[in-house]
Amino acid sequence: YDTSPAFSPDGRLLAFTRYHFGERLPTLMVERLARDFVPDGPPEPVPGVAPGLVHSLAWSPDSDRLRFVEQDQIKEWQVGGRIRVVYTLPPSMTSSRTVSFGVHKGISRAVAVQQATDFDLWALPLDPSTHAALGPAAVRAKSTAIERHPRLSPDGRKLAFVSDRSGKLAVWLANADGSEPRQVSNLDAPITGYPRWSPDGKRIAF
């Protein structure tokens, strides 16, 4: 599927990112347009840009350059030419996934949104009879990545959850207190989540 479209100011080019079935990273594409925005031939990948986390596409006012963000760098493609690195984002902004470019009185500016994505799993001790909280929540299976979808085994001894601490979303298994975590799935799938135990605690569906 295609996403993140950006028309050039002269209406002759359309940039977008294309996801192919079974691939996790998109390809940066450009479609040439004829009058009334009718496609003029098939779209082509932008040369020199490998599939990757490309976003925030924006054209220069003269329609000669396409700006975009790839990983931690703001880059610029000269139509028919080379790609150059305009700016490398500092470590505090590498998690930014939205950047907006603009030009005012000949000066280019960029505005970025920074979002914290370190989600951890927490456990709240409860009274077995009243289910009232017996104390503060405590973190379990903590990491600098994203943890989600926790599920205790039927005997309460194991914790299944989803994490991207290995670089991609996968099902992980740990002791109930979060200790000794280990990865148990390794699929190139766009979505991995919602682990559920079998009644005997021997299998996990996800």
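The values are calculated or read from the model by the stated rules, or taken from the named source; none is laboratory data. Keep in mind that this is a model prediction, so the values were computed, not measured. As a convention, Cβ positions derive from the backbone with ideal geometry for all residues, glycine included, and neighbour counts pool all protein chains shown. We work out accessible area using only protein heavy atoms, side chains counted, and drop any ligands, DNA or RNA first. Shrake-Rupley method; radii C 1.70, N 1.55, O 1.52, S 1.80 Å.
Below, the figures for the structure above:
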quantity: Solvent-accessible area, 1.4 Å probe, carbon plus sulfur percent, for the chain; calculated: 54
quantity: Under Karplus coefficients 6.51, -1.76 and 1.60, residue-wise ³J(HN,Hα) of the stretch 122-129 in Hz, glycine/proline x; calculated: 10, 10, 10, x, 10, 5, x, 9
quantity: Segment residue 200-residue 84, length gained on full extension (0.36 nm per residue, minus Cα span); calculated: 36.1 nm
quantity: Among 40, 177, 127: highest mean-square fluctuation, GNM of the chain, C-alpha pairs under 10 Å; calculated: 127
quantity: Max mean-square fluctuation residue, GNM over the chain, Cα-Cα springs under 10 Å, options 101, 119, 21; calculated: 21
quantity: Residue with peak Gaussian network fluctuation, the chain [Cα springs, cutoff 10 Å], from 42, 61, 26; calculated: 42
quantity: Calculated semi-axes √(5λ) of the Cα gyration tensor in Å (choose from [x] 25, 21, 18; [y] 46, 20, 14; [z] 31, 21, 15), label; calculated: [y]
quantity: Built amide H within the under 5 Å cut-off of residue 53, gap 5+; calculated: 71
quantity: Simple Cβ-charge dipole of the stretch 35-168, Lys/Arg +1 and Asp/Glu -1, about Cα centre, in debye nearest 20; calculated: 260
quantity: 18 Å reach of a label modelled at residue 180, 7 Å along Cα-to-Cβ, counting backbone N of the stretch 156-170; calculated: 156-161
